[in-house]
Every structure is written in C-alpha cells, then in structure tokens.
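The values are calculated or read from the model by the stated rules, or taken from the named source; none is laboratory data. Source: prediction; values computed, not measured. We place every Cβ from the backbone using ideal geometry, glycine too, and count neighbours over all the protein chains shown.
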Amino acid sequence: MKEALKNVLLSCISALLCLLLGEAVLRGVKHYRPDYEFEMWRYASELKQPLPDAALPFHHFPNREGRYYGVEIRTNSMGFRDREVDVPKPAGRKRIVLLGDSMALGWGVPFDNTVAKQLELMLNKTRGDFEVINMGTGNYNSAMEVELYKRKGLGLDANMVVLLYFINDTEPTPSPSPWSYKILSRSYLIARAVESISELKSGYGSDDPLMRHYRKIYTPGSAGEAACRAAIKELAGLCKDRGAELLIVNVPDLRRLKNYPFSFAAKYIRDLAASSGASFIDLLPVFEPYAGESLWVSPEDPHMNIKANSLAAGAIYKELISEGVGQ
C-alpha cells in the first residue's frame, strides 16, 4: 500500500512539474513571438475583473493599463478605454456613447485610431463640441453591452447611443465560476486546452465551422438569441425615455467579405433595429470593395485594423450628418 501511494505521489509530482515546465516554455516562446490568442488571454487575465453577477460576469478594472498585441490599452476610472469623463456633462457638449465588444474597444489599434476617437475628431471638425465615449469591452455580447450601459452609461446623459453589433453578439453570456477563473487566468496552457475542447463541442473542426456555429446561435428562441433581442429592445426603450437617438451598426465578419455567407445575421439585426425604432447601417458595403486581409489587424487576427476603423468611423459620420446631428 505504501509503495502504491508513493508511486501515485511521484506521478502527481511529475505531472505537476511537466505542467509547470510546459507553461514556462510556452510563455517564453509567446513573449518573443506573441500571437493573437495569447495576447487576448493576457488582456482577459490582466485587464478584466470578475464580477459576482450573472448578467455582467466581468468588466475592465478601472485605471489599469497594459500593452497587448503591440498596442497600449489604458482604462479610466470607469473602466472604459477612454479619457476621464465629466459627470455631469458640460453645458453645450453633445455626447455619444459607443457600445460593443473588442471591435468597439479597438483591439490591436492605437487609442486615437479607434472608431470612437476617429468619429469624435470628424464631428468636432464640422459639428462643434462632441464627445464619443468608448464603452467597448472584449468578449461582450449585446446583452452584456446593454447591461453595462444601464449600470455605467445612463448617468452620462448621452444624446446618442451607437451600438456596434458583431455577428457573434447573440452568443450566450458566459458564466465562469470564481475558481475556474482563477485557474484559467493563471495558466495559458490550461486555458487554451479548455478553449480547444469548447470549440470542438460547439462544432469547430467541421467542414464549415463558422457557418455551423453562427446558424446555431441564431436559432430563434435560443438562449443567446432571446437575450440579445430582449436587450436591444430594452436599450431602445431606455434611449427613447431619455430622448437619445439609437444607431445600430452591423460589423460583418471580415474573414468572408466576398460572397458574404452570413447575410442571415445582418438581416436579423436589421429587422431587430427596425422593430425597435432604431436607425441602422450595415458596414458590409463599406468593407466589401477591399480584400478582407487588408482590413485585419494581422494575418492571424481578423479584428478591424486602423484602415477598417477609419472606414467604419467615416460611414457612421456620414449617417449622423445625414440625420442632421449637431445642427
């Protein structure tokens, strides 16, 4: 019995040492050759704080900064990637709140080149005192974006809310347990293994993994779809009650701009915007003339790069001007 216990103990120690060695080697390699997945893990581990709330399980730490994928991300006292915000709003200032996920955040893009800051600059050149506040948070869905607006955005007294909608925004809100978060946030090796298993379960690895995945999450009445629909309806009601305009902007998947296969998702959010009384623009016609890769942050990362952020900001600006914003 003692010999058996000894062997078990030695096996556990060996496994632990192998895990620690693998983690150390992996981190060393990624330090000198960073990639998208590792940098996203660092961002989630270092800049996001877990919250004991099923509706909003995490948000940015306030007043933190880090360099991810070669770009600095710094949060203000409200946890936004933005300058400090004046509350109450200064007299005469027009304020726009930008909601969204990592596309709105500006992943891989310097602060001044994000959609929010480029749009702000355009408006201030032609329409007076404008402020565009970036509330974008990586890995948020629409339900979480609206929840964040309810908690931290309502007091900002915005004249307009712009929601950047990405195709995966109907995914269900994650519900990580505190213990699993602590483990996953401290080991990239374990976190990547868990993510790989999750991808296999959700259909990744099939002939057309993206199509299968997106078709699944857009199934009418599914948990994520129902929560997304309810959240956007609620957001429209909140804006109406406060006299704020609501603009929903569809951001297409930049990996498949030619013969775009996800038109069902664009139709979904267009119809939802119409039934909610919100204005709507689709960025697919804006991006379609370009090679998708020319709009990516890197060859492995299809987030919007500086050029794509500029195109998106320009399209939103044109829409706002056509609606008479600032006149």
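Here are the numbers for the structure shown:
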read-out	value
Looking only at region 248-272, and only at residues there that are out of contact with any Leu (no Cβ under 8 Å at 6 or more places or on another chain) and surrounded by 22 or more Cβ atoms within 10 Å (Cβ to Cβ), the one that is farthest from His303 (Cα to Cα)	Ile269
Residue match in region 17-34 (condition: in contact with a strand residue (DSSP E or B) (Cβ under 8 Å, 6 or more places away or on another chain), closer than 23 Å to Ile306 by Cα and either at pLDDT below 85 or not aromatic (Phe, Trp, Tyr) (or both))	no
Residue match in region 105-127 (condition: assigned to a loop (DSSP other than H, G, I, E, B) and modelled with pLDDT under 95)	yes
Residues that are out of contact with any Ser or Thr (no Cβ under 8 Å at 6 or more places or on another chain) and assigned to a loop (DSSP other than H, G, I, E, B), drawn from region 306-327	Gly324, Val325, Gln327
Any hit, region 121-130, residues being within 18 Å of the chain's Cα centre (by Cα) and β-branched (Val, Ile, Thr)	no
Some residue of region 165-181 being polar (S, T, N, Q), modelled with pLDDT of 95 or more and touching a Gly at 6+ places or on another chain (Cβ under 6 Å)	yes
Within region 205-304, strands (runs of 3 or more DSSP E) holding 2 or more residues that are out of contact with any strand residue (DSSP E or B) (no Cβ under 7 Å at 6 or more places or on another chain) and either aliphatic (A, V, I, L, M) or in contact (Cβ under 8 Å) with a residue 12 or more places away in the chain (or both)	301-304
Selection within region 67-89 - in contact with an Asp or Glu (Cβ under 8 Å, 6 or more places away or on another chain) and without any contact (Cβ under 8 Å) to a residue 60 or more places away in the chain	Tyr68, Glu72, Ile73, Arg74, Thr75, Asn76, Ser77
Residues of region 41-62 classified as within 14 Å of the chain's Cα centre (by Cα), at pLDDT 90 or above and in a helix (DSSP H, G or I), total	3
